[in-house]
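Engineer: Handing you this structure, nothing more for now.
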Amino acid sequence: MTRCRHHFGDYREVVLTEPVMFTGESAPTKIDHDVDSLLQYLNQPVPSTIMVVVAPYAKLDDRKRLSKALKKNALLIDATTLNENKAMQQIKADLAQAKIQIEPNALQLLAQRTNGNYSLMATELPKLMAFAKDQAVLTAANIEQLVPKQLSDRVFDLVGAVLAKNATAALGLYRELLAQNEEPIKLISLLLSQFRLLIQVQILMKKGYSQGSLAQTLKVHPYRIKLAWQQSQRLNPDDLHRAFIGLVDLDAQMKRGQVDKTLAFELFVLQYSGQKQAQ
């Protein structure tokens, strides 16, 4: 698919999407491409035109003349999502350019607080750089102080407290989230999602799946799989299923208006942990 857009002045932008002619794949529908004209353009681009080729493919077919011409004459930008390790390496390099070091455990905590997402890590960099300007070294204590936990991380902690039957910790975390204006139904939905992931990971682990294949099969970020993998190994499958079924029932009751939305989860935690009253 091709679309054109005029910029102010004498420039025109041409965007190619789904450029299957650069790969070894077949087009979903029969299209008669003018390959020779495109090849001629790639070898002799028009100065007044900016061509952008969006190629969402694992790789291009280097045997094709088109691909060779594209790679020779174009500015190539890899937009592939960085995995956790590459994201951490890039953040370390970004800090080094500013003559700032980060301790290994601090870098690991930063990745944990941002779910291993490079974009989220990069968002925190200006604040971290400003803080480290005088001391030039970032510690885990600095990250703890400056980088807040993502909601998904807090839900992960909440799941752990529930499964450990630690009512005090679970209720404390839940009330803290409510105080930050998180909706009870949204929290239950996130908890269900995390419990479902833990169950899926447990089942597939027994079938011999690796962490990498789990992330691909379940279409879940590798960092979430890593955490679920670590947590699921310590969990009793029966307890996990019982908590999940209890939350499914609770979710249905809340949506039907049969229970108080705010108190429902607290009652569930107390019942699941075998306690009669909040601590």
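The values are calculated or read from the model by the stated rules, or taken from the named source; none is laboratory data. No experiment lies behind these values; they were computed from the predicted model shown. Note: ideal-geometry Cβ built from the backbone for every residue, glycine included; neighbour counts use all protein chains shown.
Engineer: Tell me whether region 222-229 contains one or more residues that are buried (at least 17 other Cβ atoms within 10 Å of the Cβ) and in contact with an Asp or Glu (Cβ under 7 Å, 6 or more places away or on another chain).
Structural biologist: Yes - at least one qualifying residue is present in region 222-229.
Engineer: Could you please find all residues in region 80-97 being more than 30 Å from V54 (Cβ to Cβ) and exposed (fewer than 14 other Cβ atoms within 10 Å of the Cβ)?
Structural biologist: A96, the sole residue that qualifies.
Engineer: Of the residues in region 1-25, how many are at pLDDT 70 or above and in a loop (DSSP other than H, G, I, E, B)?
Structural biologist: Of the residues in region 1-25, the ones at pLDDT 70 or above are 10-25.
Cutting the leftovers down to in a loop (DSSP other than H, G, I, E, B) gives us 10-11, 18-19, 23-25.
Qualifying residue count for the region: 7.
Engineer: Mind listing just one residue for me: the one in region 202-221 that is crowded, with 18+ Cβ neighbours inside 10 Å and under 17 Å from E84 (Cβ atoms) and, of those, modelled with the lowest pLDDT?
Structural biologist: A215
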